[in-house]
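Enquirer: My structure is below; once you've seen it, I'll send some questions.
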Amino acid sequence: MIEALLTDRRAALVYLADDVCILESADRTLLESSQGNGRKWTRIFEEYHLVNADNDKAQGVVVSAFFDWLTDRYSNEIETTRNLACYEYLYGFANQFREVPTPTAVLDVGCGPGTILRSDVAHTAQVLVGYDISDIAAKAAISAGMTVMSRDEFVSGSARFDVALSAYTMHYTCDLAETLAGVQCNLKPGGVWALNFHKGIGLAAFFACLRSSALELAGQFSHSSFGPIVAVKMG
């Protein structure tokens, strides 16, 4: 499919890394004509579409490359006030399930360029650390003043966080097994991870993966203006 798109005169190549390319086109028929052979696209923001990869690990490669390319313009593409409100909602939701609501160490899973730093969570948390699959986004977050852990630190971290948050990230459905394993090893016993699923995308896949982890659903998921909200707890 990549070879066909690269030779299509309706598209212009704007980014190429390994086996991932980003194309720009003003012709919407390109999207329709490239959805053959079972290949589908998911709309990201208003003007971007990502191809649905064969599995969630491959999807992570696509999403990482996309945000490597987009990071310097990310704030222009999102409704920042909505993302900040989502962080604050998730933080409040997570604290409902904590046995001891003491000052918190917070892990932002999917931190992007550090959007959470502009939220009330950043002023409330005692410790705030981020993680992102995009190296470029992680570097942007560090430049904004955020502490960001590496992938190695994420997948083998010590249990030092009371709360983990994922705001507008889980609908990308990237390498769920690794994401759950990383959160699992970083949360303290009794720690809570709160997540939203934009338009419900990725919720079923998350629940399927949750069954093979040590994380447990904390109550029923909640409906919100940010999509379904889920809290899971480390036993």
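The values are calculated or read from the model by the stated rules, or taken from the named source; none is laboratory data. Keep in mind it's a predicted model, so treat the numbers as computed, not measured. Positions of Cβ are generated from backbone atoms using ideal geometry, with glycine treated the same way; all protein chains shown enter the neighbour counts. Just so you know, the surface numbers come from the protein's heavy atoms only, side chains and all, with ligands and any DNA or RNA stripped out. Shrake-Rupley method; radii C 1.70, N 1.55, O 1.52, S 1.80 Å.
Enquirer: Criterion first (farther than 15 Å from Val106 by Cβ, open to solvent by less than 30 Å² (accessible area, probe 1.4 Å), at pLDDT below 95 and within 14 Å of the chain's Cα centre (by Cα)) does Leu180 satisfy it? Give the steps one after another, and end with the answer.
Expert: Numbers: farther than 15 Å from Val106 by Cβ: yes; open to solvent by less than 30 Å² (accessible area, probe 1.4 Å): yes; at pLDDT below 95: no; within 14 Å of the chain's Cα centre (by Cα): yes.
Here the answer is no, as Leu180 does not meet what is asked.
Enquirer: Then there's this: Answer yes or no: is there a residue in the range 77-95 that is in contact (Cβ under 8 Å) with a residue 24 or more places away in the chain and outside any helix (DSSP H, G or I).
Expert: Yes; the residues of the range 77-95 include at least one that is in contact (Cβ under 8 Å) with a residue 24 or more places away in the chain and outside any helix (DSSP H, G or I).
Enquirer: Any idea which residue in the range 2-44 is modelled with the lowest pLDDT, counting only those that are touching a Lys or Arg at 6+ places or on another chain (Cβ under 8 Å) and surrounded by 12 or more Cβ atoms within 10 Å (Cβ to Cβ)?
Expert: Ranking the candidates gives Leu30 first.
Enquirer: Also, quick follow-up: Could you tell me which numbered condition Ile229 fails, if it satisfies all but one of (1) of a type in the set (A, V, I, L, M); (2) under 16 Å from the mean Cα position of the chain (by Cα); (3) open to solvent by 50 Å² or more (accessible area, probe 1.4 Å)?
Expert: That leaves (3) as the condition not met.
Enquirer: Does any residue of the range 181-200 turn out to be under 25 Å from Pro101 (Cα atoms), in a helix (DSSP H, G or I) and aliphatic (A, V, I, L, M)?
Expert: Yes - at least one qualifying residue is present in the range 181-200.
Enquirer: Looking at Ala85, Ala65, Ala105, which is the one that is of a type in the set (Gly, Ala, Ser), more than 30 Å from Leu16 (Cβ to Cβ) and buried (at least 19 other Cβ atoms within 10 Å of the Cβ)?
Expert: Details: Ala85 fails: buried (at least 19 other Cβ atoms within 10 Å of the Cβ); Ala65 fails: more than 30 Å from Leu16 (Cβ to Cβ).
It is Ala105.
Enquirer: Considering only the range 110-128, state which residues are assigned to a strand (DSSP E or B) and surrounded by 22 or more Cβ atoms within 10 Å (Cβ to Cβ). Give the derivation first.
Expert: Just the residues of the range 110-128 that are assigned to a strand (DSSP E or B), to begin with: 127-128.
Across the range 110-128, the qualifying residue is only Leu128.
Enquirer: Report yes if some residue within the range 185-192 is of a type in the set (Gly, Ala, Ser), more than 21 Å from Tyr91 (Cα to Cα) and open to solvent by 10 Å² or more (accessible area, probe 1.4 Å); otherwise report no.
Expert: First, the residues of the range 185-192 that are of a type in the set (Gly, Ala, Ser): 190-191.
After this cut, where a residue has to be more than 21 Å from Tyr91 (Cα to Cα) as well, the list is none.
Within the range 185-192, not a single residue is of a type in the set (Gly, Ala, Ser), more than 21 Å from Tyr91 (Cα to Cα) and open to solvent by 10 Å² or more (accessible area, probe 1.4 Å).
Enquirer: To continue, here is another question. Report the residue count in the range 150-162 for those that are over 24 Å from Gly92 (Cβ atoms) and part of a loop (DSSP other than H, G, I, E, B).
Expert: Residues of the range 150-162 that are over 24 Å from Gly92 (Cβ atoms), as a first pass: 150-158.
In the following step, the residues that additionally are part of a loop (DSSP other than H, G, I, E, B) were identified as 150, 156-158.
The number of residues fulfilling the criteria is 4.
Enquirer: Where the second residue is modelled with pLDDT of 75 or more and the first is among the charged types (D, E, K, R) and lies in the range 13-32, which pairs have Cβ atoms under 6 Å and are six or more apart or on separate chains?
Expert: Partner pairs satisfying both residue conditions: Glu24/Ala12; Asp27/Arg10.
Enquirer: How many of the residues making up the range 135-153 are small (Gly, Ala, Ser) and within 18 Å of Ala105 (Cα to Cα)?
Expert: Looking only at that region, the number is 3.
Enquirer: Now a separate question. Under 9 Å by Cβ, and 6 or more places apart or on different chains, what pairs join a residue from the range 202-226 that is in contact (Cβ under 8 Å) with a residue 60 or more places away in the chain and under 14 Å from Leu180 (Cβ atoms) with one that is hydrophobic (A, V, I, L, M, F, W, C) and crowded, with 16+ Cβ neighbours inside 10 Å?
Expert: These pairs meet every condition: Ala205/Leu176.
Enquirer: Where the second residue is part of a helix (DSSP H, G or I) and of a type outside the set (D, E, K, R) and the first is within 14 Å of Leu70 (Cβ to Cβ) and lies in the range 137-153, which pairs have Cβ atoms under 7 Å and are six or more apart or on separate chains?
Expert: Pairs that qualify, where the first residue is within 14 Å of Leu70 (Cβ to Cβ) and the partner is part of a helix (DSSP H, G or I) and of a type outside the set (D, E, K, R), are Ala137/Phe67; Ala137/Thr71; Ala140/Thr71.
Enquirer: Still on this model: Take Ser156 and tell me if it is over 18 Å from Val106 (Cβ atoms), surrounded by 23 or more Cβ atoms within 10 Å (Cβ to Cβ) and either in contact with a Gly (Cβ under 7 Å, 6 or more places away or on another chain) or not basic (Lys, Arg) (or both). Write out each step before concluding.
Expert: Values: over 18 Å from Val106 (Cβ atoms): yes; surrounded by 23 or more Cβ atoms within 10 Å (Cβ to Cβ): no; either in contact with a Gly (Cβ under 7 Å, 6 or more places away or on another chain) or not basic (Lys, Arg) (or both): yes.
For Ser156, the condition - over 18 Å from Val106 (Cβ atoms), surrounded by 23 or more Cβ atoms within 10 Å (Cβ to Cβ) and either in contact with a Gly (Cβ under 7 Å, 6 or more places away or on another chain) or not basic (Lys, Arg) (or both) - is not met.
Enquirer: Counting only residues that are outside any helix (DSSP H, G or I) and open to solvent by less than 20 Å² (accessible area, probe 1.4 Å), which one in the range 163-177 is farthest from Ala214 (Cα to Cα)? Reasoning before the result, please.
Expert: Pass one, the range 163-177, residues outside any helix (DSSP H, G or I): 163-169, 173-175.
Imposing the further condition that a residue be open to solvent by less than 20 Å² (accessible area, probe 1.4 Å) reduces the set to 163-167.
Details: Val163: 16, Ala164: 15, Leu165: 17, Ser166: 18, Ala167: 22 Å.
Applying the filter and picking the extreme gives Ala167.
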